[in-house]
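Everything below concerns the one structure shown next.
The values are calculated or read from the model by the stated rules, or taken from the named source; none is laboratory data. Source: prediction; values computed, not measured. Here the Cβ positions follow ideal geometry from the backbone for every residue, glycine too, while neighbour counts run over all protein chains shown. With ligands, DNA and RNA removed, areas are computed over all heavy atoms of the protein, side chains included. Shrake-Rupley method; radii C 1.70, N 1.55, O 1.52, S 1.80 Å.
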2 protein chains.
Amino acid sequence: MTVYLVGAGPGDPDLLTVRAARILSSADIVVFDRLAEPVLSLAPPGARLIDVGKQRGDSWTQASITALLVDLGRDGLDVVRLKGGDPYVFGRGGEEAEALIAAGVDVEVVPGISSALSAPAAAGIPVTHRGLSDMVTVVTGHRQPGDETDWDTLARLGGTVVVLMGVGDRAAIARRLIRGGRHGATPFAAIHAATTIDQTVTRGRLDELGDTPIEAPATLIIGPVASLNLASLRSVVAS
Amino acid sequence: MTVYLVGAGPGDPDLLTVRAARILSSADIVVFDRLAEPVLSLAPPGARLIDVGKQRGDSWTQASITALLVDLGRDGLDVVRLKGGDPYVFGRGGEEAEALIAAGVDVEVVPGISSALSAPAAAGIPVTHRGLSDMVTVVTGHRQPGDETDWDTLARLGGTVVVLMGVGDRAAIARRLIRGGRHGATPFAAIHAATTIDQTVTRGRLDELGDTPIEAPATLIIGPVASLNLASLRSVVAS
């Protein structure tokens, strides 16, 4: 009985790790989020798939997902908890691991390609590049009470800023970064459905970000590297 | 004729992406760095392996590596340029891609699991965790002229700080972060040879970092999450 916290990567099943693909291909039960949907094709035909994403109108909370994992793990089943990107990077995998360990359930983490770094690559953007940026900060744009990002300081720090779950608040994010000192002409890029055939890339200036239509969810990249358009990934599957 | 810029991940060959493993397993020529050595076992027996790492006493520079890739690509060969971690995250892959594109050589980027995020996971440390950190900044400790990290502002920003190539300058890094406002009791963790059987994890307080022996290269994690020791990855291969 092991619960595997598995990173599904950005979307393309070819971008799972070898280990993740192997574990997923022999799973009995897969508990998945919306962002992990594109790789479900790797699960065996008989696997039980449990959708804990929020877009179904269901009432899954983090607490109820964690409780489900503990119950399944205690039943002695091998469970794959499949998360978009990497389970330990804004994936709340740490909370699930804590609860499972406390309940005496074996847990193994299988890392994934984080969207924070691979969505830019899918648009031909390295997050660091000589002469443009030697630093990258990843933040979430999804505000939680008491967890307010210090955008002023982040603006002063410079480098590349990657914002996950930031489409809804993009106007406020842009305004705060400019108020903190980032130039309005700083390039941004927004990547939706990265590494899938539905991928779209939107580019512009930071002072236009708030007025630019962007389909959510998307990864936002803000900084000089966002103007690059170098070799990118192949995009081969439907999201 | 394609030059594939392939991320080798943190060390364990099982942590390559499915696509990277497939491309590497049919490579004619592999141009590799030291950090990519643990996964060379995936290259076919007849492949030509070119070591451009610096530990051999050779005189490879970034310029000569890039020139080699352009020459090989122009010869019409399929070349794998294998880099530890991810080619677009502190990997100088962007520079190589730029030069290859300018020379008319086809380039494809195959992302890898970045050590910046997976070395912490290999020590049971999620880089973000509710109540501890909702932000991660990745910097290099290897100073380049004119590219000085603003450690004061980074200290004020808070969150999780991941330092790559920072073992040699760890005393100065710790001093600057403390001077900038990080508490001396802030936990750190240093992971050497992550995800291999040679992995070592060193933990302590930020004000002890300078005096703590750490084998290079290592990934440094500084911040409250560094005290966590949750479910981690399996480590299965020699580095």
Show the residue pairs meeting these rules: Cβ distance below 6 Å; 6+ apart or different chains; first residue within the stretch A:70-81 and at positive phi; second residue open to solvent by 10 Å² or more (accessible area, probe 1.4 Å).
A:Gly76/A:Met1
Of all residues in the stretch A:186-214, how many are surrounded by 13 or more Cβ atoms within 10 Å (Cβ to Cβ) and either more than 16 Å from A:Ala119 (Cα to Cα) or of a type outside the set (Val, Ile, Thr) (or both)?
19
Give the stretch B:187-201 a look and list any residue that's touching a strand residue (DSSP E or B) at 6+ places or on another chain (Cβ under 6 Å) and either without any contact (Cβ under 8 Å) to a residue 40 or more places away in the chain or polar (S, T, N, Q) (or both), or say none.
B:Phe188, B:Ala190, B:His192, B:Thr196, B:Thr200
Can you pull out the residues in the stretch A:1-18 that are open to solvent by 10 Å² or more (accessible area, probe 1.4 Å) and either free of Cβ contacts under 8 Å to residues at least 12 places away in the same chain or not in a loop (DSSP other than H, G, I, E, B) (or both)?
A:Thr2, A:Tyr4, A:Pro13, A:Asp14, A:Val18
Condition first: closer than 15 Å to A:Phe188 by Cα and of a type in the set (Ser, Thr, Tyr). Now tell me which residues in the stretch A:120-172 satisfy that.
A:Thr128, A:Ser133, A:Thr137, A:Thr160
How many of the residues making up the stretch A:81-106 are β-branched (Val, Ile, Thr), closer than 15 Å to B:Arg130 by Cβ and more than 9 Å from chain B (Cβ to nearest Cβ)?
0
Please state which one of A:Val109, A:Val39 is among the hydrophobic types (A, V, I, L, M, F, W, C), part of a helix (DSSP H, G or I) and either open to solvent by 40 Å² or more (accessible area, probe 1.4 Å) or within 14 Å of chain B (Cβ to nearest Cβ) (or both).
A:Val39
For the list (1) modelled with pLDDT under 95; (2) closer than 22 Å to B:Ser118 by Cα, I need the number of the one condition that B:Val6 fails.
(1)
Among the residues in the stretch A:49-68, are any modelled with pLDDT of 95 or more and open to solvent by 60 Å² or more (accessible area, probe 1.4 Å)?
yes
So for the stretch B:138-152 (the condition being out of contact with any Ser or Thr (no Cβ under 9 Å at 6 or more places or on another chain), at the interface with chain A (Cβ under 7 Å from one of its Cβ atoms) and closer than 25 Å to A:Leu154 by Cα), does at least one residue qualify?
yes
Sole miss for B:Asp78 among (1) at pLDDT 95 or above; (2) farther than 22 Å from B:Ala193 by Cβ; (3) open to solvent by 40 Å² or more (accessible area, probe 1.4 Å) is condition (1)
Those residues of the stretch B:169-185 which are more than 30 Å from B:Pro38 (Cβ to Cβ), crowded, with 16+ Cβ neighbours inside 10 Å and among the small types (Gly, Ala, Ser), in sequence order
none
One residue is enough: does the stretch B:105-122 have a residue meeting the conditions free of Cβ contacts under 8 Å to residues at least 24 places away in the same chain and within 24 Å of A:Ala119 (Cα to Cα)?
no
Conditions: (1) open to solvent by less than 40 Å² (accessible area, probe 1.4 Å); (2) at pLDDT below 95; (3) not in a helix (DSSP H, G or I). B:Ala99 meets all but one. Number of the miss?
(3)
Identify all residues within the stretch A:24-36 that are buried (at least 20 other Cβ atoms within 10 Å of the Cβ) and within 12 Å of another protein chain (Cβ to nearest Cβ); write none if there are none.
A:Leu24
Being more than 30 Å from A:Pro87 (Cβ to Cβ) and away from chain A (no Cβ under 14 Å): is that true of B:Asp75 here?
yes
Taking the options A:Pro45, A:Pro120, A:Pro126, name whichever one is open to solvent by 30 Å² or more (accessible area, probe 1.4 Å) and on the phi < 0 side of the Ramachandran plot.
A:Pro45
